[in-house]
Amino acid sequence: MERQAFLRPIETALTAPPVSKSHPIPPAPAEIPELVFIDPMDDPITTFADNAAGLGVEVRFAADRAGLVPIIDELARNEAIESAVLSFDPEIEGLESTMVALGIEVVPFGSGVDIAQVDLGVTGAAGAIARTGSIVVDSSRAGGRGASLVPPVHLAVVESAAIDATTSDWWRSMAERYPSGPPSQLVFISGPSRSADIEQTLTVGVHGPKRVWVAVVGR
Amino acid sequence: MIETLAPNVGASVVRVLRNAGYDVHIPDDVTCCGQPAWNAGFATEAAKVARTSMEALAADDAETIVVPAGSCAAMIRVYWPELFRVTGDEDASLTATSVGEKVMELTEFLAEHSGAGPAESPDDAEVAYHHSCHMLRELHIESAPEAVISEAGYALSDWPMGRQCCGFGGTFSLKLPEVSVAMADEKIDAIPESATCLAGSDLSCLIHLEARLAHRGIDLPVVHTAELLDQ
Amino acid sequence: MTANLRSRTATALGNPGLRKAIRDATDRFTTHREEGLDLANFEELRRAARATRAAIIADLPRILGTFADAAEGVGAEVHWAGDAAEARAIVTGIATAHGVELAVKAKSMLTEEIELNEALETAGIEVVETDLGEWIIQLAGQKPSHIIGPSLHLSKEDVAEIFNRRSDRPLPADPEALCAFARASLREKFLAADIGITGCNFAVAETGTVILVTNEGNGRMVTSLPPVHVVVMGMERIVETWDQLDLMMNLLPRSATGQKLSVYTTQVTGPRRSGETDGPEELHIVIVDNGRSNLLGTEFQEMLNCIRCGACLNVCPVYRQIGGHAYESVYSGPMGAVLTPLLAATGTSLDLAGASTLCGACYDACPVQIPLQDLLLSLRRINADTGGPAWSERAGWKNWARAWSRPGMYRKTVTAARRGSGALPAGLVPKGWRSGRTVPEARGTYDLRKALRDGKI
């Protein structure tokens with residue numbers, strides 16, 4: 001049906017509903033209240049690392065880009081990585097040669113190339129959220145979605161200065177971050193994929209990556 | 001309900017309040033709060049009965065209306081204004097609000113106006129206290145009954161199911177009796193071994209639990225909070 | 001109350017495996033929710049969320065218009081479906097227009113509500129559920145029993161049995177092994193699918209964004225790999241601003257599973273853009289009414305505030321005993337007992353309002369503070385007013401009201417009830433009550449008021 005035909009019965013029906021005296025609805029607040037946390041947070045970077053680790057993420061620190069090399073080396077050994085796909089995020093620019101030097105085959109990230117058989121997906125992150133242990137992947141920055149999704153292992157490189165405290169630092173400033181509107185896919189990734197659908201038993205590694213590594217650069 | 005099924009409990013209530021230093025009377029024309037019909041969806045019938053009680057309470061000049069049943073106290077304080085709004089009686093709705101302001105559940109009253117002092121509690125008495133739903137979630141009275149019982153010298157059980165619905169639910173216990181009994185069983189099965197009695201502030205819950213305990217041959221006395229305090 | 005509801009509850013009660021599964025699952029959800037609470041002002045946030053959702057619903061036409069404009073502005077195609085049949089036709093039409101042979105779906109209760117899968121299958125399309133719980137029940141030919149954990153009524157042995165019907169090698173009743181089988185089986189489907197179908201946890205009107213809350217990665221797979229993405233969205237699942245989204249998204253995962261965020265919080269704004277290597281080329285958003293407008297302008301309008309967290313199911317002492325299938329609806333527990341008869345608007349399922357003791361645990365747990373116990377009560381009034389109860393019950397209440405609204409009559413009936421052997425009088429305790437319960441002795445048989453007047457107390 002057409003939009004107006006759909007909306008008209010709604011407009012008609014929306015007379016003021018009866019007001020209950022037992023549990024009346026309070027008036028809407030002028031501003032949405034801020035999130036207030038029970039535990040204070042000293043430092044977003046440490047809090048991010050703790051929360052991410054609590055979700056099963058391997059968190060590593062690098063003072064600068066050069067510091068990524070030993071991290072990738074460790075990752076490649078631990079996770080038996082032979083091939084990788086790299087997104088177009090600025091944080092990992094130039095990392096291809098490092099990976100090749102470590103003996104990892106780099107598969108191009110592009111239309112039609114099958115990344116389903118690749119061992120590792122490497123992306124940057126537009127930011128991270130300390131209180132939830134999440135990294136933020138922006139598909140326009142990354143050039144696509146698959147690198148952080150299809151391979152069984154995901155490495156995200158995030159600048160320490162881009163780690164914010166709470167979801168509010170993202171969601172209450174979307175207009176500032178994206179004046180022309182959000183990207184086609186923005187995702188907050190909080191740990192490796194999981195399910196507890198079978199007898200509430202937690203299983204890690206369902207359809208998304210089984211292992212997530214985050215390298216924090218700049219601290 | 002108390003005067004029909006358990007006048008002894010009523011007597012305990014009177015004595016406990018007197019011991020706390022208060023004069024007690026029961027207004028002649030108070031009948032019932034109307035909750036059974038209200039919960040069954042029969043608002044007109046509920047309002048008819050509630051109105052009689054409300055007018056009797058409104059006409060009474062007592063400072064406080066103490067109700068020794070959480071569900072009735074909730075009916076009066078939380079639901080009477082809505083009951084009369086729904087049945088189109090705005091004036092009664094307003095009267096109900098002002099009557100509701102004078103209503104306190106028994107332990108709520110005692111906790112605030114305490115001075116009842118310790119009762120003669122047996123040394124090894126341990127009370128598994130059942131928090132009835134209306135009292136807990138509509139009146140938000142949670143610590144008062146436990147405080148009052150502790151002050152009277154009783155130990156309180158650590159009963160994980162103490163705050164879960166007993167399964168009575170008025171006509172629910174008649175319409176889905178198997179579920180009603182299953183809910184009682186889950187609570188009963190979780191009563192700690194060390195409990196020497198089960199207590200609560202809502203007679204309807206207590207009779208339902210007592211009836212199930214008896215059917216299962218479990219020997220655990222069931223008492224109203226007022227009876228505990230009236231030792 | 002039909003015999004049916006009661007016999008369905010009796011069936012559930014007679015299944016100890018089912019009851020254990022439900023208790024364990026709901027206890028775990030509730031424990032995680034309670035232990036995961038890291039917010040100091042949760043009550044303030046709940047109150048704000050209640051008021052905010054109510055304000056949004058009150059302004060729904062404008063906000064839906066804003067959403068549609070913004071979504072169309074970023075290249076999505078927005079469709080409007082008045083009812084389930086229309087929604088099915090629209091989605092099937094999109095699929096057949098694209099020559100779809102294989103559709104992959106993320107979990108969406110709305111698509112269950114409108115019975116989409118059958119329609120697609122009738123059109124010759126293979127439909128594969130990819131959420132583990134939904135895939136399990138799809139293979140088992142069952143309906144969901146919980147809106148968050150649709151297969152929680154099944155044990156791992158049940159799941160192994162279901163998977164073993166299609167596995168080459170025998171699978172043990174071990175969650176890891178069973179998940180690995182699901183991962184391998186469904187990966188093929190993701191990669192081969194022609195269309196991905198999801199629900200919508202929230203739409204954000206100001207930018208035309210669709211929010212998806214998932215843990216397994218299937219939500220991302222379904223919205224990244226196939227060339228077409230179809231969102232089936234309940235018209236009420238919307239906020240106007242990102243500020244409001246922040247509020248809702250800090251309540252939803254915490255209330256559902258105790259997580260601060262689900263593993264993947266996917267925020268889709270239009271189809272893929274140039275320069276992106278993947279993502280759907282087309283994004284279709286189907287906005288569905290299907291009876292939701294029945295609730296507008298009524299005391300039930302608040303039910304549309306529901307954000308589908310499932311907390312009410314987890315704390316309901318009745319759901320706990322009988323599970324979701326006893327409700328015979330996609331939506332079970334307290335929110336299901338309210339929503340189901342209202343969406344249907346034909347008077348069917350009004351008996352679900354009786355599957356409750358009005359204990360209020362749902363209201364306590366609801367992140368947007370919907371007074372479900374009040375709404376269930378209102379449904380009982382509607383049931384009473386439209387001839388639901390038996391004539392004998394109706395007459396019974398009328399007589400009761402006549403007697404107990406008069407103090408003199410009240411005293412007479414109470415006195416008459418007290419007479420007897422000391423056991424509680426039969427007139428007050430109907431026979432049905434006595435199965436499983438042994439009526440206790442009365443605590444005294446004297447006239448309390450008279451005793452008080454006479455100074456005997």
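A short reminder: the numbers here are calculations on the coordinates, not readings from a lab. Quantities reported herein were computed from a predicted structural model and do not represent experimental measurements. Glycine gets a Cβ as well: all are built from the backbone with ideal geometry, and neighbour counts include every protein chain shown.
P(r) tail for chain A: Cα pairs beyond 21 Å make up 62% of the total. For the range C:112-193, applying the loop criterion from DSSP together with a ceiling of 15 other beta carbons within 10 Å to the trypsin sites (Lys or Arg not before Pro) yields C:Arg165, C:Arg166.
Here C:Thr31 and C:Lys456 are evaluated by their C-beta separation; at R0 = 56 Å the FRET efficiency comes out at 0.60. Loop-located chymotrypsin sites (Phe, Trp or Tyr not before Pro) in the range A:35-103 (DSSP state other than H, G, I, E, B) with a sparse environment of at most 12 neighbouring Cβ atoms within 10 Å are absent.
Inter-chain neighbour count for C:313-323: the average number of beta-carbon atoms from partner chains within 10 Å of each residue's beta-carbon is 4. Treating each Cα of the range C:96-158 as one equal point scatterer and applying the Debye formula with no solvent, the log10 of I(q)/I(0) at q = 0.26 Å⁻¹ comes out as -1.15. Here the protein assembly as shown carries DSSP beta bridges of which approximately 30% are antiparallel, counting only pairs with both residues inside. Size descriptors for the range C:152-231 (Cα atoms only): Rg and Dmax, in that order, 15.9, 51 Å.
Computed over the range B:2-111, the alpha-carbon pair-distance distribution with 5 angstrom bins reads 2, 12, 23, 25, 19, 11, 5, 2, 0, each value a whole percent. Expressed to the nearest 5 percent, the antiparallel share of DSSP beta bridges inside the range A:1-158 is 20 percent.
If R0 equals 51 Å, the separation of the Cβ atoms of B:Gln231 and B:Asp61 corresponds to a calculated FRET efficiency of about 0.95.
Given their separation in residues at 0.36 nm each and the Cα-Cα distance between them, A:Glu31 and A:Met1 gain 7.2 nm when the chain is fully extended. Which angle between 0 and 90 degrees, to the nearest 10, do you get for helix C:60-73 versus the longest principal axis of chain C when only C-alpha atoms count? Once rounded, the angle reads 10 degrees.
Under the simplified labelling scheme, the C:Tyr446-C:Thr11 pair shows an inter-label distance of 5.4 nm, with each label point 7 Å from Cα along Cα→Cβ. Taking all Cα pairs closer than 8 Å and separated by 6 or more residues, the relative contact order of chain C comes to 19 percent. Pairs of Cα atoms nearer than 8 Å and 6+ residues apart set the relative contact order; for chain A it is 24 percent.
Taking every residue in A:9-16 and counting other chain Cβ atoms within 10 Å of its Cβ, the average works out to 6. In chain C, the longest principal axis of the Cα atoms and the axis of helix C:84-97 are about 10 degrees apart. The ranking of A:Ser140, A:Ser83 from fewest to most other beta carbons within 10 Å of each one's beta carbon is A:Ser83, A:Ser140.
Put a dot 7 Å past the Cα of B:Ser98, heading toward its Cβ, do the same for C:Glu281, and the two dots end up 7.4 nm apart. Within chain B, what's the longest stretch lacking GluC sites (Glu not before Pro) that sit in DSSP loops with no more than 11 other Cβ atoms inside 10 Å? Here the longest segment lacking exposed loop sites spans B:121-192. Using C-alpha pairs under 8 Å with a sequence gap of at least 6, the mean separation divided by the residue count of chain B gives a relative contact order of 21 percent. Our helix-only sum for chain A, with -39,500 (n - 2.57) per DSSP H run of n ≥ 4 divided by its residues, gives a mean residue ellipticity at 222 nm of -6000 deg cm²/dmol. With axes computed from alpha carbons, what is the tilt in degrees of helix A:68-78 against the longest principal axis of chain A, rounded to the nearest 10 within 0 to 90? So the helix axis and the longest Cα principal axis differ by about 90 degrees. Per residue, chain B reaches -14000 deg cm²/dmol at 222 nm when only DSSP H runs of four or more residues are counted, each adding -39500 (n - 2.57).
Using a cut-off of 29 Å between Cα atoms, the listed pairs B:Lys102/B:Lys187; B:Lys102/B:Lys175; A:Lys21/B:Lys48; C:Lys20/C:Lys189; B:Lys48/C:Lys412; C:Lys105/C:Lys260 include B:Lys102/B:Lys187; B:Lys102/B:Lys175; C:Lys20/C:Lys189 as exceeding that distance.
Take each residue in C:154-166, count the other chain C-beta atoms within 10 Å of its C-beta, and the mean is 1. Which is the longest run of chain C containing none of the GluC sites (Glu not before Pro) found in DSSP loop states (not H, G, I, E, B) with at most 16 other C-beta atoms within 10 Å? Counting only loop sites that pass the neighbour cut-off, the longest clear stretch is C:116-280.
Sparsely packed loop sites in the range C:230-302 (the trypsin sites (Lys or Arg not before Pro) outside DSSP H, G, I, E and B with at most 15 other Cβ atoms within 10 Å) comprise C:Arg273. Over chain C, dividing the summed -39,500 (n - 2.57) contributions of all DSSP H runs of at least 4 residues by the number of residues returns a 222 nm mean residue ellipticity of -14500 deg cm²/dmol. Based on alpha carbons, the Rg and Dmax found for the range B:124-231 are 13.1, 40 Å. Around the Cα centre of the protein assembly as shown, unit charges on the Cβ atoms of Lys, Arg, Asp and Glu (plus for the first two, minus for the last two) sum to a dipole of about 3080 debye.
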